[in-house]
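I'd like to ask some things about the structure below.
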Amino acid sequence: RIMARTHSLATQQVAVASTSTATHRQRACARVRSCRRGLSLGVRRASFFGRSDAEQWLANGDDGESREADDDIVTTNATLDVNEAFAAVSAARRGLELFKLEMDKGEEEIDVLAAACFIAMHRTPDINVDDIREELDRMSEVIEAQLPTNTEERFPLRTIKTISRVFAQELNFVGNIEDYYDVRNSCIDEVLKRRTGIPITLCLVYMELAARVCVKMVDVSIPGHLLCRPVADDMEVLIDAFNQGDLLFIEQVEDILTSNSMLSEGQKVQIDRSFLEQREVRKKAFLTR
């Protein structure tokens, strides 16, 4: 009887301890959610965009996903206190604050690659911008090794063809057609790691690699897609980084747009050539997209 009573008391103590721990977790989760809501509201008031692309990219998904993320933060360690939980949320939101600061700069001062890293911080809060630069430097060395040593002998079209070939065949970058809306496609660190992404992140990688071998490029927006092109006189060629760096002439792009449009038979999409006057990446527009 004594042993049975002792066992009963021990069981009750364990139950009380479990209930106390569960209650602590629930309260911590609630406080983290409250903190996240407060941060979110503050960010929206001060954000350059308000509630749009940047906020959606940098938020932790919808409310359901946010609750799951908060629960993960708290339940990862049973002894995690509220202060540590707040610190974890703050780290996840740091990228948004850094992104806002970058976007508040003048157009010429914005570092597009750094801003892309800040966007990726919603998944990887400790991402290091210098590590991303070094990774791109190493990739560009593969291209550099296949170009003439004398930069004056690097003809623009031939150089672009080399960049595209290495980009697709040796570095193995390809558009993620199978899972286009995977959030990792928008994170520059994941794109470099997995060698796949969406048009805008692959264009960024392509332009960064090209810049490292002395080829200046700019983005070109077309309906439903994003291309890039070299800034060179009398060179009307476009690069589709999403499709393995394919080289396209403007007429080919017009044909593609025409085939995907609802124009009457005999009508054709015509692209205004004024975009060829663009000499710089429209940084804020690019990052907003």
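Throughout, read-outs are computed from the coordinates displayed, never taken from laboratory work. These figures come from a predicted structure and were not determined experimentally. Virtual Cβ from ideal backbone geometry, glycine too; neighbours counted across all protein chains shown.
Using θ = phi - 60° and the Karplus relation 6.51 cos²θ - 1.76 cosθ + 1.60, list the HN-Hα couplings for the stretch 97-111 in order, rounded to whole Hz, with x at every Gly or Pro.
With coefficients 6.51, -1.76 and 1.60, one gets 5, 5, 5, 4, 4, 5, 6, 7, 6, x, 3, 6, 8, 5, 9 Hz.
Along the charge dipole of the stretch 165-239, which of T201, G224, A211 sits closest to the positive end, that is, farthest toward it, with unit charges on the beta carbon of Lys, Arg, Asp and Glu (+1, +1, -1, -1)?
So the residue furthest toward the plus end is A211.
Could you give the length gained on full extension between N83 and R154, defined as 0.36 nm per residue of separation minus the Cα-Cα distance, in nm? Can you show the working numbers first?
Values: separation 71, 0.36 × 71 = 25.56 nm, distance 5.69 nm.
Contour length minus the Cα-Cα distance gives 19.9 nm.
Another one. Could you give the distance between the Cα centres of the stretch 118-135 and the stretch 192-209, to the whole Å?
Using only Cα atoms to place each centre, the spacing works out to 14 Å.
Assuming 0.36 nm per residue, please report the length gained on full extension of the stretch S274 to R133 beyond their Cα-Cα distance.
Length gained between S274 and R133: 47.5 nm.
Now a separate question. Tell me, what ³J(HN,Hα) does each residue in the stretch 142-154 have, in order and in whole Hz, if you take phi through Karplus 6.51 cos²θ - 1.76 cosθ + 1.60 with θ = phi - 60° and put x for Gly and Pro?
Residue by residue, the stretch 142-154 yields 5, 6, 4, 5, 10, 10, x, 4, 7, 4, 5, 8, 8 Hz.
A further question follows. May I ask you to evaluate 6.51 cos²θ - 1.76 cosθ + 1.60, the Karplus curve with θ = phi - 60°, for each residue of the stretch 119-126 and list the ³J(HN,Hα) values in order in whole Hz, giving x for glycine and proline?
My calculation for the stretch 119-126 gives 4, 6, 5, 5, 9, 10, x, 9 Hz in order.
Beyond 25 Å, what share of the Cα-Cα pairs of the stretch 191-289 is found? Please give it as a whole percent.
Percentage above 25 Å: 20.
Could you compute the net charge surrounding L257? Neighbours are other residues with a C-beta less than 14 Å from the C-beta of L257; K and R count +1, D and E count -1. Could you put the intermediate results ahead of the total?
Numbers: positive: K268; negative: D240, E251, E254, D255, D272.
Here the count lands on -4.
Extending each Cα 7 Å along its Cβ direction at E178 and S259, get the distance between those two points in nm, one decimal.
The answer from the label model is 2.5 nm.
Search the structure for amide H atoms under 5 Å from the amide H of V218, placed 1.01 Å from N in the peptide plane, and list their residues when 5 or more places away or on another chain.
Excluding prolines and chain starts, which carry no amide H, the hits are R229, V231.
Between E144 and E108, what is the label-to-label distance in nm when each label sits 7 Å out along the Cα-to-Cβ direction?
Calculated label separation equals 2.7 nm.
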